[in-house]
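In what follows, a structure is listed as structure tokens, so that the remarks can point back to it.
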Amino acid sequence: YDARRIQVLKAVPNAAHFALAELEKHFDVVIITQNIDDLHERSGSTNVLHLHGEILKGRSVKNDANLYDISENIKLGDLAPDGHQMRPHIVWFGEDVPMIETAMEICQTADILLIVGTSMQVYPAAGLINFAPKKTPIYFIDPNPAISSADNITVITETATKGLKRFMDLSQSN
């Protein structure tokens, strides 16, 4: 994770990140992301739920409630303030996804569900679509969509950047 942290620190948000942040100027937006980077925040999004943790945060191996900003490597022997080994604040394989219930609640109250940049293959996150109310419009943006259009689902077969522009055009015409 140390090498990935360095990559994240060098990465920059793309136009899709900025487009999602722009939506906050007009709508109450909650971004639920499987990504462990901070690119949504750096693009201006203020309400981001990280399902799988955050690479720029650390926590104790014994206490996942207290988070600490980190930008350097975590070494064996680096201790959190509670005296236990520090570890990345990342959901590892086999661990529960602690924010999944919050994400379910958000989806249950969504007026519109916009799904961008996911293959819809990673569970439990891929199942969040099932928590949206039946009449909630769902827009799925992906160049190789894993789901098809249905009564309340509009599939936009584009990259995130192009698809978000098309979504904005569609939503303004409705």
Helical mean residue ellipticity (222 nm; -39500 (n - 2.57) per DSSP H run of 4+; nearest 500) of the chain: -7500 deg cm²/dmol
Inter-centroid distance (Cα atoms) of the range 55-83 relative to the range 92-106, Å: 20
Antiparallel %, DSSP beta bridges [both residues in the chain], to 5: 40
Mean Cα-pair separation over length for the chain, i.e. relative contact order, pairs under 8 Å, 6 or more apart, %: 16
Residue-normalised accessible area of the chain, expressed per residue, 1.4 Å probe, Å²: 60
Gyration tensor (alpha-carbon) shape descriptor, the chain, a/c threshold 1.5: prolate
Isotropically averaged projected area of the range 1-93, using the convex hull of Cα atoms (one quarter of hull area), nm²: 6.4
Ordering of 71-78, 15-22, 103-110, 119-126 by packing [mean C-beta count within 10 Å, highest first]: 15-22, 103-110, 119-126, 71-78
Label point 7 Å beyond Cα of Lys10 along Cβ direction - residues of the range 36-76 with amide nitrogen under 17 Å: 37-39, 56, 71-73
Fraction of accessible area attributable to carbon and sulfur, the range 1-134 (%, probe 1.4 Å): 53
Whole-angstrom gap from the range 1-36 to the range 111-136, using each part's C-alpha centre: 18
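The values are calculated or read from the model by the stated rules, or taken from the named source; none is laboratory data. None of these values were measured; they are calculated from a predicted model. With ideal geometry, Cβ positions are generated from the backbone for all residues, glycine too; neighbour counts draw on all protein chains shown. The protein model used for the area step is the full one, side chains on, heavy atoms only, and it has no ligands, DNA or RNA in it. Shrake-Rupley method; radii C 1.70, N 1.55, O 1.52, S 1.80 Å.
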